Amino acid sequence: MMERYDLLVIGAGPGGYVAAIRGAQLGLRVACVERWIGKDGKPALGGTCLNVGCIPSKALLESSEQYHRARHGLGAHGISVGEVSIDPVAMVARKDRIVGQFTGGITGLFRKNGVTWLQGSGRLLGGGQVEVKAADGTVQTVGAQHILIATGSRPTPLSVAPLDGDRIVDSAGALDFTAVPATLGIIGAGVIGLELGSVWARLGSAVTLLEAMPEFLPTVDHAIATIAHKEFTGQGLDIRLGAKVTGARVKAGRVTVGFEDASGPQQARFDRLIVAVGRQPVTDDMGLDVAAVTCDERGFIPVDERFRTSAEGVYAIGDVVRGPMLAHRASEDGIAVAEGIAGQHCHADYGTIPWIIYTWPEIAWVGHTEQALKAEGVPYTVGIFPFQANGRARAMEAAQGQVKLLAHAETDRVLGVHIVGPHASELIAEAVVAMEFRASAEDIARIVHAHPTLSEALHEAALAAHGRAIHI
Ligand code: FAD
Ligand code: NAD
C-alpha cells in the first residue's frame, strides 16, 4: 500500500529540512526526499548550505584568516612566531569534518522529530503523488496532502568557460583544492568570488577577479562598496571591472582566459579558474509540467505570499522562488510555509533580511541602501561612525571600515544599516532587531551599549544621524 504523508518535502537544504522539522513539531506526518551524495559517497542531508556552501566556506575562511593573522597580524602585538606554514590538505579535512558533523546532525534532528528521510530523487507525478528513486535504483511512489518543493539552486554555467572539474571549477570545486594555486582566476566578483578569493589569497595565491559589471558590488550601499573595494585591492585582490570573458581553455595544466575590458582584448594565465557567476534554481527534470506547477523563463517557481504554486497543494520555498538566495531566508520560508500548512499564520518578513559577505573586513547590511532611498525620493538622514574611532576595534588592530545608519528624515525610523568592518556579521543582528521592532535612530541612540565594544560604533552612528556623535 502507498505511504501517505501530511507533508512531503523535496529537498533537505536549510529551506526543506527546517520546514520538515517545523511541520513535524506541529503534529504533521512528514517525509523529506533528498538525493545528495556527499564527498564520502554517502547520502547526506543539509543541501548546498551544509555540504558545499555556507558551512564549508566559512570553515575555510576561518582557517585562512587564522593563518594570515599568524603570519602578518601578530607583530603589531609584539608577538613573534617561528615559521608559519599551512597544510591545505589538513585544512580541507577539518572543513570536511565540520560538514560531516552538521549533515549528520540533521539526520539526528529528523530522527528526534519523527521526520522520515526518503533517500533518493523526487519527481512529481501529479494528484498528490511523488516518485522517489533511491541511489540503489529502487523506486517507490508516495502520496501527500501537501507537497513542498525546496530543491534549491546550482551554479550557473558559463558556456565560454566550461568546467573540467580540475583546473576550471565551480564554487564546490574551489572548496577542495589540496594545494594553494600560485595564480587563481575567478570569473565573477560577487559574494562567492570575494569569499573564496579571500580564502586562497590569504594562503598565498595571486588572485584576479574578472567581473562583467562596470561597478563593484552594485547592490551594496555605494559608500560601503567603495571602502570594501579599497580594502580588498589593498590586500592584493586584482579586481578587473567591466571584463567580458570570451573564452577559457586548459593547456599543459594551466588555464588561459581571454577577456575584453576598457583596455581592449587581453589574455591571462592561471593555475586554477573558479567560475562564480551566480546560481540558478533546480527545477528541471522533476515533473513540474506533469503536476501543473508553472515556472518562469529563468526556472524560478512563482509563489504567492503563502508559498502556494500554480498547482493545488504544491508549495515552493528557498532558492527556487523569488527573493535573495540565502540560507536564513530559505529557513524563514520553511518555518512560514509549515506553519501555514498546519493552519497557523504564514509570514516571512523580507524587509529585514540581513546580507553578509564574510571577507575581512566583513560587509553586512539590512534594509535600504542610500542609492535606493535617493531613487525612491525618500527623505533621509545619515549617521556614519568609523571604526578608527572605536576603542575595541583599535585594540583588536581591526579599525577598518565604518557603520552607516540611514533614518527617515521626518519619522526618524531606521531604514537601513550598512557596515564594513570587523565582525560586521555579528553587529548587524542588533540593526535587524531594531528594524524589526520599528526602532528610530533615537531609540538606538538612547540604548546603553557596553564599553569598549564594537557595538558602540552602531550606537555612535545612531547619534551621528542627529548630529550628536560624541567620539567624532
Ligand atoms: P539547497 O540548500 O540548495 O538545498 C536543496 C536540496 O534539494 C539539495 O540538497 C538537493 O540535493 C535537493 N534536491 C534537488 N532536487 C531534488 C530532487 N528532485 N529530489 C531530491 N532532492 C533534491 N547563504 C547564506 O545565507 N550564508 C552564507 O554564508 C552562504 N554561503 C554560501 C557559500 C557558497 C559557496 C554557496 C554556493 C552558497 C552559499 N549560500 C549562503 C547560499 C545558500 O547555500 C543557499 O541560499 C541555501 O542553501 C538555499 O537553501 P535551499 O534549501 O533553498 O536549497
Ligand atoms: P553573485 O550574484 O553574488 O555574483 C556573481 C557575479 O558574477 C556578479 O557580480 C555578476 O555581475 C558576475 N557575472 C555574471 N556573469 C559574468 C560573466 N559572464 N563574466 C564575469 N562576471 C560575471 O553570485 P555568486 O557569487 O555566484 O553567488 C551566488 C549566490 O549565492 C549569491 O548571490 C548569494 O545569494 C549566495 N551566497 C551567499 C553568501 C553569503 O551570504 N555570504 C555566500 C556565497 C553565496
Kirkwood hydrodynamic radius (C-alpha pairs) into Stokes-Einstein, the range 157-297, 20 °C and 1.002 mPa s, D in µm²/s: 133
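Give me the percent of DSSP beta bridges within the chain that run antiparallel, rounded to the nearest 5. Before the final figure, lay out each step's value.
Working: 52 of 83 bridges.
Around 65 percent of the beta bridges assigned by DSSP in the chain are antiparallel ones.
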Return the subset of Lys230/Lys374; Lys39/Lys95; Lys42/Lys133 for which the Cα-Cα distance in this structure is over 19 Å, preserving the input order. Lys230/Lys374
At q = 0.13, 0.14, 0.24, 0.28 Å⁻¹, base-10 log of I(q)/I(0) for the range 321-367 (Debye sum, equal scatterers on each alpha carbon): -0.37, -0.42, -0.88, -1.04
Assigned charges on the beta-carbon of Lys, Arg, Asp, Glu; the range 168-277 dipole about Cα centre (debye): 440
Along each of its three principal axes, how wide is the spread of alpha-carbon positions in the chain, in whole angstrom units, largest first? 71, 62, 45
With a length cut of 30 Å (Cα positions projected on each helix's long axis) and a Kyte-Doolittle mean of at least -1.0, go through the chain and give me the DSSP H helices that pass. 88-113
Using only the alpha-carbon atoms of the range 254-412 as identical scatterers, what base-10 log of I(q)/I(0) does the Debye formula give at q = 0.11, 0.14, 0.19 Å⁻¹? -0.79, -1.03, -1.15
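Find the relative contact order for the range 168-277 and round it to a whole percent, using C-alpha pairs within less than 8 Å whose residues are 6+ positions apart. Kindly include the intermediate steps, with their values, before the conclusion.
Details: 210 pairs, mean separation 38.7, N = 110.
About 35 percent, as a whole number.
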Where the centroid of each part is defined by its Cα atoms, how far is the range 136-199 from the range 339-370 in Å? 23
For the chain, what does the relative contact order come out to in percent, with C-alpha contacts under 8 Å and a separation of six or more? 14
Percent of Cα-Cα pairs more than 22 Å apart in the range 29-173, please. 57
Distance from the Cα centre of the range 293-325 to that of the range 238-270, in angstrom? 37
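Tell me, Ile353, Ile224, Ile470, Ile274 in order of fewest to most beta-carbon neighbours within 10 Å? Display every interim value, and only then the final one.
Numbers: Ile353 17, Ile224 24, Ile470 11, Ile274 29.
Ranked by crowding around the Cβ, least crowded first: Ile470, Ile353, Ile224, Ile274.
At 0.36 nm per residue, and after removing the present C-alpha to C-alpha distance, how many nm does the segment from Tyr350 to Glu410 gain when stretched out fully? Don't skip to the answer; put the middle values down first.
Numbers: separation 60, 0.36 × 60 = 21.60 nm, distance 2.37 nm.
Extra length available between Tyr350 and Glu410 comes to 19.2 nm.
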DSSP-defined antiparallel bridges as percent of all bridges, the range 168-277, nearest 5: 50
Put one equal scatterer on each alpha carbon of the range 352-464, apply the Debye formula with no solvent term, and list log10 I(q)/I(0) at q = 0.09, 0.21 1/Å to two decimals. -0.20, -1.09
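Please report the relative contact order for the range 352-464, taking Cα pairs under 8 Å with a sequence separation of at least 6, and give it as a percent rounded to a whole number.
Details: 247 pairs, mean separation 35.5, N = 113.
Relative contact order, the range 352-464: 31 percent.
Run the helix sum for the chain: -39,500 (n - 2.57) per DSSP H stretch of 4+ residues, divided by residue count, reported at 222 nm to the nearest 500 deg cm²/dmol.
Details: 12 runs with 136 residues, N = 472.
One gets -9000 deg cm²/dmol as the mean residue ellipticity at 222 nm.
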Separation of the range 86-115 and the range 407-431 by C-alpha centroid, Å? 33
Using the Cα atoms of the range 204-251 to build a convex hull, what is its mean projected area in square nanometres? 4.3
Using the charge dipole of the chain (Lys, Arg: +1 at Cβ; Asp, Glu: -1 at Cβ; taken about the Cα centre), state which of Thr233, Gly73, His222 has its Cα farthest towards the positive end. Gly73
Return the distance in nm (one decimal) between the two label points of a simple spin-label model at Val139 and Asp40, each offset 7 Å from Cα along Cα→Cβ. 3.1
Would you be so kind as to identify which of Phe177, Leu203, Val115 lies farthest towards the positive end of the dipole of the range 103-204, taking Lys and Arg as +1 and Asp and Glu as -1 on Cβ and the Cα centre as origin? Val115
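We did not get these values from a lab; they are worked out from the coordinates using the rules stated. Note that the structure is predicted; figures quoted are calculated from it, not measured. Counting neighbours? That spans all protein chains shown, and the Cβs are built from the backbone with ideal geometry, glycine included.
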